[in-house]
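*Asks:* Just passing along the structure, written as structure tokens.
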Amino acid sequence: MNKSLEDYLKNIYAIQYSAGKVTNTLLAEKLGISGAAVSEMISKLSKSGYIKNTPYKGFVLMKKGEEIAIKQIRKHRLWEVFLLEHLKYPWENVHFEAEILEHSSSDELISRLDKFLGFPKFDPHGHPIPDKNGMVSNEKIVPLSELNANDEAVIREVSDESSEVLVYLTKTGLKLNDKIKITEKINFDNSIRIKISKKEIFLSDKLSKNIFVKKI
């Protein structure tokens, strides 16, 4: 299993987890590559039994493909915790470094890293870390953009795919597990105003789509 195949399987899992249906178009957008390159790799993964591909209906991971994807996610998220907590990387930089480290880490190293870190359940961005058996905690969360005025929620996850989002959230002071209330939702552009303690913060639609909350 080379790095490219591991990345494909991991990203298929991520799309499957968030969108349910995985298509060549969605995967090409997430990986930032051409549709032709994705189609070629999907054909290889399908023939090798990593995914089940139904023409025009998308594809899903088969058991052996899912096992590899979850293992890579576990490695990635544990490294993110280590980088932030012990090397003091800012949370907007750990994703890039973890992308490199995950591909060169043995199962034994990851097992020891997990124990060293105290078996963390979540990475710095709130994403659940699979345990050694591949079990993942799944809490019902939704994008902040889906909430309406007067709704209350707790921030559980933020997207780690854009460092700009994370840098901006740091500037606003928003953190994981903060309790917020939607004080205004503007229909014109779907932007929102939220209140945390006595402070109000304005968030664009794009930003609120990258913040995931548990409604309370």
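*Asks:* Beta carbons within 10 angstrom, averaged per residue: use that to sort the peptides 3-11, 72-80, highest first. Walk me through the numbers on the way to the answer.
*Replies:* Working: 3-11: 17.6, 72-80: 24.7.
So the peptides 3-11, 72-80, ranked by packing, come out 72-80, 3-11.
*Asks:* HN-Hα J couplings of the range 46-53 from phi, Karplus 6.51/-1.76/1.60, θ = phi - 60°, integer Hz, Gly and Pro as x?
*Replies:* Result, rounded to whole Hz: 5, 5, 8, x, 7, 9, 10, 10.
*Asks:* Shifting gears a bit: Listed highest first by mean packing, meaning other Cβ atoms within 10 Å per residue, what order do 155-164, 183-192 come in? Mind dumping the intermediate values first?
*Replies:* Values: 155-164: 18.1, 183-192: 13.2.
Ranked from most to least packed, the peptides come out as 155-164, 183-192.
*Asks:* While we're on this one: Helix 107-116 versus the longest principal axis of the chain: what is the Cα-based angle in degrees, 0 to 90, to the nearest 10?
*Replies:* 30
*Asks:* What does the highest-first list of 122-129, 12-19 look like by mean Cβ count within 10 Å? Before the final figure, lay out each step's value.
*Replies:* Details: 122-129: 21.1, 12-19: 17.2.
Answer by packing, highest mean first, reads 122-129, 12-19.
*Asks:* Show that you can apply the helix-only estimate: for the chain, add -39,500 (n - 2.57) for every DSSP H stretch of four or more residues, divide by all residues, and state [θ] at 222 nm to the nearest 500.
*Replies:* On the way: 8 runs with 94 residues, N = 216.
When only DSSP H runs of four or more count, the value is -13500 deg cm²/dmol.
*Asks:* Quick check: at a probe of 1.4 Å, how many percent of the accessible area of the range 20-179 sits on carbon and sulfur atoms?
*Replies:* Numbers: 4820 of 9070 Å².
Here carbon and sulfur together make up 53 percent of the probe-accessible area.
*Asks:* I've got another one for you. List the aspartates and glutamates whose Cα lies under 12 Å from the Cα of residue 175, skipping any in the same chain that are fewer than 8 positions away.
*Replies:* Candidates past the 8-residue exclusion: 157.
*Asks:* When only Cα pairs under 8 Å and 6 or more residues apart are kept, what is the percent relative contact order across the chain?
*Replies:* Working: 310 pairs, mean separation 33.3, N = 216.
For the chain, the relative contact order is 15 percent.
*Asks:* Which pairs in the list 140/206; 10/115; 57/214 are over 26 Å apart, alpha-carbon to alpha-carbon? Before the final figure, lay out the partial values.
*Replies:* Working: 140/206 21 Å; 10/115 23 Å; 57/214 31 Å.
Violating the 26 Å Cα-Cα cut-off are 57/214.
*Asks:* While we're on this one: R0 = 45 Å: FRET efficiency of residue 190 with residue 104, Cβ-based, nearest 0.05? Write down the numbers at each step before the final one.
*Replies:* Values: r = 42 Å, r/R0 = 0.92.
The pair residue 190/residue 104 has a calculated efficiency of 0.60.
*Asks:* Computed FRET efficiency, Cβ-Cβ of residue 48 and residue 112, R0 30 Å: what is it to the nearest 0.05?
*Replies:* Numbers: r = 31 Å, r/R0 = 1.02.
Calculated value: 0.45.
*Asks:* Scale the Cα Rg of the chain by the rule-of-thumb value 2.2 N^0.38 Å and send over the ratio, two decimals. Walk me through the numbers before you get to the answer.
*Replies:* Working: Rg = 18.4 Å, N = 216, 2.2 N^0.38 = 17.0 Å.
So the chain has a normalised radius of gyration of 1.09.
*Asks:* Here is a follow-up. Using the Karplus equation 6.51 cos²θ - 1.76 cosθ + 1.60 (θ = phi - 60°), what ³J(HN,Hα) coupling, rounded to whole Hz, does each residue of the range 166-178 give in order, writing x for Gly and Pro?
*Replies:* 5, 5, 5, 4, 4, 5, 6, x, 5, 9, 4, 6, 5
*Asks:* Sum up the charges of everything whose Cβ sits under 11 Å from the Cβ of residue 22, counting Lys and Arg as +1 and Asp and Glu as -1, but leave residue 22 out. Don't jump to the answer; show the numbers that get you there.
*Replies:* On the way: positive: 21, 30, 52, 57; negative: none.
Summing Lys/Arg as +1 and Asp/Glu as -1 gives +4.
*Asks:* Let's see if you can work this out: charge +1 on each Lys and Arg Cβ, -1 on each Asp and Glu Cβ, no other charges. What is the dipole magnitude of the range 89-216 about its Cα centre, in debye to the nearest 20? The partial results should precede the final answer.
*Replies:* Working: 19 positive and 22 negative charges, 162 e Å.
Its charge dipole is roughly 780 debye.
The values are calculated or read from the model by the stated rules, or taken from the named source; none is laboratory data. Only a predicted model underlies this, so the values are computations on that prediction, with no experimental measurement involved. We place every Cβ from the backbone using ideal geometry, glycine too, and count neighbours over all the protein chains shown. Calculation scope for accessible area: heavy atoms of the full protein, side chains included, ligands and nucleic acids excluded. Shrake-Rupley method; radii C 1.70, N 1.55, O 1.52, S 1.80 Å.
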